[in-house]
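Structure, as structure tokens:
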Amino acid sequence: MTRIELKVDGATVSDDVEPRMLLVQYLREKLGKTGTVIGCDTSNCGACTVHLDGRSVKSCNVLAVQADGAEVTTIEGLATDGELHPVQAAFHECHALQCGFCTPGMIMQSVDLLKDNPNPSEAEIRVGIEGNLCRCTGYHNIVKAVQTAAGQKTEA
């Protein structure tokens, strides 16, 4: 067992973990952060995307011990004081989900995209989310939601 300490959604946590435990497993099984979804377990789908020290990562591709000393933000940590993050609100407003399986990872990736590029074109949005797969929506409303969160006028 290895002792780790990190900050998750603003709270400092400390645990003994198996060195081979994935960050996604730690978040879900030890901390109850079930909004972080286990999808493919191979880093192909992006459903497990979280922010590690402010950058989006696929948490099925990071060991919990690698996050020692880091700050992690999950989908549960985006909202503040009961208010949805603007990207969360835009996904809701634009109906940018169907089954919802990819939604947490897609939102986390979109937040990171908008941090780096606050006014992306449609093509830049599509490139920015390309590592996150959705099998239901066809991406149209996801792109629209990112544009809405960026404050861009979108067509219905």
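The values are calculated or read from the model by the stated rules, or taken from the named source; none is laboratory data. Please read these numbers as outputs of a predicted model, since none were measured by experiment. In this analysis, Cβ positions are derived from the backbone assuming ideal geometry, glycine residues included, and neighbour counts consider all displayed protein chains.
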Of (1) outside any loop (DSSP other than H, G, I, E, B); (2) of a type in the set (Lys, Arg); (3) in contact with a Leu (Cβ under 8 Å, 6 or more places away or on another chain), LYS33 satisfies every one except (1)
Please identify the pairs in which a residue from the range 63-84 that is under 18 Å from PRO104 (Cβ atoms) has its Cβ atom under 7 Å from the Cβ atom of a residue that is of a type in the set (Ser, Thr, Tyr), counting only partners at least 6 apart or on another chain. THR74/THR36; ILE75/THR36
Segments classed as helices (runs of 4 or more DSSP H), wholly inside the range 44-156, with at least 2 members that are buried (at least 20 other Cβ atoms within 10 Å of the Cβ) and touching a strand residue (DSSP E or B) at 6+ places or on another chain (Cβ under 6 Å): 103-116
Return yes or no: is VAL13 in a strand (DSSP E or B), β-branched (Val, Ile, Thr) and not assigned by TED's automatic domain parsing to the domain that holds ASN132? yes
Taking interchain pairs and intrachain pairs at least six residues apart, which have beta carbon atoms under 9 angstrom, with the first residue in the range 10-24 and in contact (Cβ under 8 Å) with a residue 12 or more places away in the chain and the second outside any helix (DSSP H, G or I) and of a type in the set (Asp, Glu)? GLY10/GLU71; VAL13/GLU5; ASP15/GLU5; LEU22/ASP41; VAL24/ASP41
Answer with yes or no whether ASP53 is assigned by TED's automatic domain parsing to the domain that holds ARG135 and of a type in the set (Asp, Glu). no
Could you tell me which residue of the range 29-43 is surrounded by the fewest Cβ atoms within 10 Å (Cβ to Cβ), considering only residues that are of a type in the set (D, E, K, R) and closer than 15 Å to ASP9 by Cβ? LYS30
Report, by residue number, each residue of the range 85-129 that is among the charged types (D, E, K, R) and modelled with pLDDT under 95. none
Could we say that LEU63 is more than 13 Å from the chain's Cα centre (by Cα) and of a type outside the set (D, E, K, R) here? yes
Please enumerate the residues belonging to the range 97-150 that are over 20 Å from HIS51 (Cα atoms) and hydroxyl-bearing (Ser, Thr, Tyr). SER121, THR137, TYR139, THR148
Among the listed residues VAL50, VAL37, VAL72, which satisfies the condition of being of a type in the set (A, V, I, L, M) and closer than 20 Å to VAL127 by Cα? VAL50
Condition check for LEU27: modelled with pLDDT of 95 or more and part of a helix (DSSP H, G or I): yes
